[in-house]
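Values quoted throughout were computed directly from the atomic coordinates according to the rules given, and no laboratory measurement underlies them. What you are looking at is a predicted structure, and each value in this text was computed from that prediction instead of being measured. Note that each Cβ is placed from the backbone with ideal geometry, even for glycine, and that neighbours are counted across all protein chains shown.
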Amino acid sequence: MRVTELRQPDLGNGFLESLKSLSRAKKVMHLAPGDAKWILRIMRRENNRATRQRLAKPYHIFVAKDGQDVGATTTLFVHESWYLSNGIFTEIKFIHSKVKEWKMNLGKVAHLGDIPVMIQKRKSRASPCRVLEAAIDEALQDGCYKTIVDCESRESQEFFIAFCFVEKEVAMRHKDFKTKRGKFPKLIGHIEDVARIRTKRKNEEKRWKGSGRLVVQAAIDRAKEIGCEELVLECEENLVPYYESLGFERRGVEMRLDLEIGKEPIKT
Ligand SMILES: CC(C)(COP(=O)(O)OP(=O)(O)OC[C@H]1O[C@@H](n2cnc3c(N)ncnc32)[C@H](O)[C@@H]1OP(=O)(O)O)[C@@H](O)C(=O)NCCC(=O)NCCS
């Protein structure tokens, strides 16, 4: 088994099947190959744009392969932190999101920073509420289906709860990535959508066992290579020991605001 970056032919060789294991975990809709091809093209365009602007490429997608067959996949999504702007970081996902009002048919997620903590650190007088309101507006305008933020303290969790955010998964951070105190902006890596093929056939299951771990390790290595100063992920409670064995530790709680206005019911 070897790990490579995702290429277009992989989409038809098991990539979409491995993503199906996320449907049980996260209730995502299944993608048609044509849509996946189109999403990959948009991600490449974003990578090229970042390169032209001398920024880090946002999308790094790894697949574990046995011959031509793909058994597991994960995405490393990279962005710079921002400071006190209304900015959000929008991640495109391999998820169907059929919002009638949008021209495009792809899943977008808005990542937010922990606004109260950032404001407190800088002893700024900016209003955290205004900053958050503007960020939510921007996420809606951009067609995101959810906004997520990782909170390390109960206080900041309560701030987001007041804006209808709800507690979701466990937020984790990799131990090998140490941020210089107070440094802004910094490069942050997110490990997203770790998924591997699940099958009832024993031999097939054995063939792919551990392939999830290989793609996560590839994403960790890439994050180190490109100089990420933080590497984070969100996962369900039962996967905490799994990610701890890969060098992650608990950081706090993922808070989520669903923005699924006008969305068709999710079919699983
Ligand atoms: C998470 C996942 C990618 C791991 O794949 P993998 O590295 O190939 O892991 P394996 O299936 O070989 O299992 C290795 C160990 O990880 C742990 N583990 C894996 N999946 C787990 C799960 N869903 N819940 C709890 N523990 C799990 C187990 O301890 C397992 O040990 P075992 O040998 O005693 O079963 C895979 O289980 C999967 O596709 N799950 C569904 C999608 C999902 O939940 N993704 C995570 C999003 S954050």
So who's got an amide H within less than 5 Å of the one on E230, skipping anything under 5 residues away but keeping other chains? H placed 1.01 Å off N, in plane.
G189
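Count neighbours as other Cβ atoms within 10 Å of each site's Cβ, and list the chymotrypsin sites (Phe, Trp or Tyr not before Pro) in segment 32-79 that are DSSP loop with at most 15 such neighbours. Numbers along the way, then the final one.
On the way: sites: W38, Y59, F62, F77; in loops: none.
When the chymotrypsin sites (Phe, Trp or Tyr not before Pro) of segment 32-79 are filtered for loop state and at most 15 Cβ neighbours within 10 Å, nothing remains.
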Alpha-carbon spread of segment 117-250, three principal axes, descending order, Å:
60, 32, 28
The chain: DSSP helices with Cα axial extent of at least 18 Å and average Kyte-Doolittle hydropathy no lower than -1.0
128-141, 211-225
Cα pair count fraction exceeding 29 Å, expressed as % - the chain:
30 percent
Charge dipole of the chain about the Cα centre (unit charges at C-beta), most positive-ward option of M1, A126, I197:
M1
Report, largest value first, the span of the C-alpha coordinates of segment 150-214 along each principal axis, in whole Å.
49, 32, 16
Taking F94, F89 and counting other C-beta atoms within 10 Å, the order from fewest to most
F89, F94
For the chain, what is the charge dipole size about the Cα centre, in debye to the nearest 20, if Lys and Arg each add +1 at the Cβ and Asp and Glu each add -1 at the Cβ?
700 debye
Of the cross-linked pairs K57/K178; K20/K57; K65/K146, which ones have a Cα-Cα span greater than 23 Å in the structure shown?
K20/K57; K65/K146
Please give me, ordered by residue number, the trypsin sites (Lys or Arg not before Pro) of segment 203-260 that lie in loop per DSSP and have at most 16 other Cβ atoms within 10 Å.
K209
The longest stretch of the chain containing none of the GluC sites (Glu not before Pro) that sit in a DSSP loop with at most 15 other Cβ atoms within 10 Å is 1-100
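On a full-extension model of 0.36 nm per residue, what is the gain between E205 and L140, subtracting their alpha-carbon distance, rounded to one decimal in nm?
On the way: separation 65, 0.36 × 65 = 23.40 nm, distance 4.03 nm.
Going from the current span to full extension adds 19.4 nm.
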For G14, residues with placed amide H under 5 Å, excluding near neighbours:
V70
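When only Cα pairs under 8 Å and 6 or more residues apart are kept, what is the percent relative contact order across the chain? Walk me through the numbers before you get to the answer.
Working: 503 pairs, mean separation 72.1, N = 268.
Taking the mean separation of contacting Cα pairs over the length of the chain, I get 27 percent.
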